[in-house]
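For reference, the structure discussed in these notes is given below.
The values are calculated or read from the model by the stated rules, or taken from the named source; none is laboratory data. Here the structure is a predicted model, which means the values were calculated and not measured. Using ideal geometry, Cβ is built from the backbone for each residue, glycine included, and neighbour counts are taken over all protein chains shown.
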Amino acid sequence: MTEAQAQERIANLRNVINDYRYHYHVRDTSTMSESAADGLKHELVQLEDQFPHLVTSDSPTQRVAGQPLDAFSKVNHVYPMMSLSDVFDRGEVEAWSTRTEKLAPGHAKEYFMDVKMDGLACSLVYQDGELQTAVTRGDGRTGEDVTTNIRTIQSIPLRLRATKKYARFLSGRTEVRGEIIMYKAEFESLNVQREADGLPMFKNPRNLSAGTIRQLDPRLVAERPLRFHAYDVLREDPTEIATNGEAYEIARELGLYSNPQAQVAVGIDALMSVVDSWEHDREQLPFNTDGMVVKLNDRAVFESLGVVGKAPRGAVAFKYPAEEAVTVVKDIVISIGRTGAATPVAVFDPVSVAGTTVQHASLHNADEIDRKDIRIGDTVVIYKAGDIIPQVQNVIMELRPKGAKRYRYETELSRQYPELTFERPEGEVVFRVKGATGPILLKRGLQHFASKGALDIDGLGEKNVVALVDSKLVNDFADIYTLSTKQLESLERFAELSARNLVAAIADKKTPPLSRFIFGLGIRHVGAQTAIDLANTYKKLDNIGTATYEDLKAVDGVGEIVAESVLAWFIDDDNQALLAKFRKLGVWPEDVKKTGGPLSGKSFVITGTLQGLSRDKAAERIRELGGTFQSSVAKGTTYLVMGAKAGTSKAEKAKKVGTEVIDEQTLLEML
């Protein structure tokens, strides 16, 4: 190959590889397989090795990390990187809006909003389209030159993407600001690997991102899955960008990723609606966030307002309630679930986390207690996983009281539940009640059996279940069908009428729908939808009991884990004895005579709040009509129902996978 041919081939390879990078990292699509892209990169490396004088600094091959640095040099920002003033409620937002109106009377109440990312702010300077310098925020006026490290991040283009609409941005100085972050899933994978390697765990994605960028060895940076999300574009002539919304469009067109969650809101009501929806849906984001960034969309008005202290007057950060809190572990108790799983729970004084008051948190299992070395008396950091479930993040070792003893899990199991025997099945981390016996397990199981999602037996709630089990009138699920009014009247909780009503309610559920009966049995991993799938496939309970592992695994929505669980349940002698007892008492689920219905083959996801009926009732009605109710949008989901105060993430996913978006009224008409 001649040099002229090589030069042409190299240019073409760079264009194709950069286009692949743009679509993969910015548009979340792929123009080719990863292996094909790797092949093109390999060819480019070989050609540049053969013709080294044709290598340019913006070539895709130049992302390879170089030698460790001695130190970072300081760089002054041309435009200060300011912080934002915090607001915490609607009243403070309205007060801020009133102040901006006084300073710039008559401006449009149009706000540009984006999810506030929890990472490291960084400025990228491109000169004539080529990456020249990358600088951390620092103190806002002076940052550190981290260009060598930044070049290893795949989502950052070394040369801005050519675009006809915004060609002027490839001439002169273009500054792109954004956040360096690490996605939650990738952070967790990294910690799993470190745990397997016997290395200390990283604390959180934000600290890891910031710490990684400040590593002097760029080879280490290249190994970490960092990403860059752009949130601003700056030019010497500010009139080139009219709105903050346009800045996001420009960044994407130039080859950088900007959050798709960003949007314009007109008026305070719309602004607060966006704030509220993301407070509800933020656990669905791939990265951590603690609030929303709100700016006046008109950049000319924004600039005219100036700054106060180190913060611009035209923007605020709406902060959600604190996601972490510190408290002292008073005790560790072990809870027994309806499937016999023994779960340790930390008990502490009430503390506010993410806007709610919590006083206990799951510790998951014995291994988790050992890994974090949690002891009674420890001061711990509490957070909410997915903003829902309180968990212990870590122990503050410096505050551990003298004499705090390591928690001995098996010893505590014996102490707290002397009447039960536990075992830890091979390959599992959870201790379970051996033989699935014991009054505690029976109470949990019977409450589930009688619950609305299962047999829906009116009057058989938690307190009545406890009374029946403690009195020895009920020793298994089937025993409820042997109860008489006279027996119930002998208990303190029952009078003649309430006793008669409960006996009648139980008798009314002797032939429940097959799917409800399956769900009510409490088979591990079998939820309401899986129970429906099993019922519709096998039609009769006996058919499920005799199904093979391979047959079960082939059922849509079942898979290996559920198949093993169903098979194990029906093999168990105690469970077989229970089924025989049910049959003898005339209690048996109805066979499924037909499957399908007007919603057969259609699947639904609901986001936001429904006005006409509860989410559970809607799910139940969808299933009754043959449809499938799902918790999240996936490829193949038929409809996404948008209720009140719905966020945008599910709608964006629906658009991406081709799911039709409907409103509540349309759903009600279908039902």
In the list Ala467, Ala450, which residue meets the criterion of being within 30 Å of Glu624 (Cα to Cα), in contact with a Lys or Arg (Cβ under 9 Å, 6 or more places away or on another chain) and in the same structural domain as Asn501 (by TED's automatic domain parsing)? Ala450
Does any residue of segment 231-246 turn out to be among the hydroxyl-bearing types (Ser, Thr, Tyr), part of a strand (DSSP E or B) and over 30 Å from Thr98 (Cα atoms)? no
If you go through segment 233-244, how many residues are touching a residue at least 60 places away in the same chain (Cβ under 8 Å) and surrounded by fewer than 20 Cβ atoms within 10 Å (Cβ to Cβ)? 7
When residues of segment 648-671 are limited to those that are β-branched (Val, Ile, Thr) and in a helix (DSSP H, G or I), the one farthest from the chain's Cα centre (by Cα): Thr666
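Examine segment 542-552 for a residue that is in a loop (DSSP other than H, G, I, E, B), aliphatic (A, V, I, L, M) and modelled with pLDDT under 90, and state whether such a residue exists.
Yes, that holds for at least one residue.
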Determine the pairs where a residue that is at positive phi, located within segment 376-388, has a partner that is at pLDDT below 85 and of a type in the set (A, V, I, L, M) with Cβ atoms under 8 Å apart, the partner being 6 or more residues away or on another chain. Asp387/Ala354
Scan (1) assigned by TED's automatic domain parsing to the domain that holds Ala478; (2) touching a residue at least 60 places away in the same chain (Cβ under 8 Å) for the single condition Gly608 breaks and write down its number. (1)
When you check Leu160 against the structure, is it over 30 Å from Val316 (Cβ atoms), in contact with a strand residue (DSSP E or B) (Cβ under 8 Å, 6 or more places away or on another chain), modelled with pLDDT of 95 or more and not assigned by TED's automatic domain parsing to the domain that holds Asp19, yes or no? yes
Within segment 648-670, restricting to residues that are buried (at least 16 other Cβ atoms within 10 Å of the Cβ) and touching a Lys or Arg at 6+ places or on another chain (Cβ under 8 Å), the one that is nearest to Asp556 (Cα to Cα) is Thr659
Are any of the residues in segment 54-66 within 30 Å of the chain's Cα centre (by Cα), modelled with pLDDT under 75, part of a loop (DSSP other than H, G, I, E, B) and among the aliphatic types (A, V, I, L, M)? no
Give the residue that is farthest from the chain's Cα centre (by Cα), with candidates limited to residues of segment 269-299 that are in a strand (DSSP E or B) and not small (Gly, Ala, Ser). Asp298
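When you scan segment 487-504, do you find a residue that is of a type in the set (Phe, Trp, Tyr) and farther than 14 Å from Leu455 by Cβ, even just one?
Yes, that holds for at least one residue.
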Within segment 552-562, identify whether any single residue is farther than 19 Å from Ala528 by Cα and not assigned by TED's automatic domain parsing to the domain that holds Gly636, and answer yes or no. no
When segment 90-145 is checked residue by residue, the ones that are at positive phi and out of contact with any strand residue (DSSP E or B) (no Cβ under 8 Å at 6 or more places or on another chain) are Gly106, Asp128, Gly140
Can you work out which of the residues in segment 1-39 that are modelled with pLDDT under 85 and of a type in the set (Asp, Glu) is surrounded by the most Cβ atoms within 10 Å (Cβ to Cβ)? Asp19
Could you go through segment 510-521 and let me know if any residue there is among the polar types (S, T, N, Q) and more than 38 Å from the chain's Cα centre (by Cα). yes
Does Glu398 satisfy the condition of being among the acidic types (Asp, Glu), farther than 30 Å from Pro439 by Cα, at pLDDT below 90 and exposed (fewer than 15 other Cβ atoms within 10 Å of the Cβ)? yes
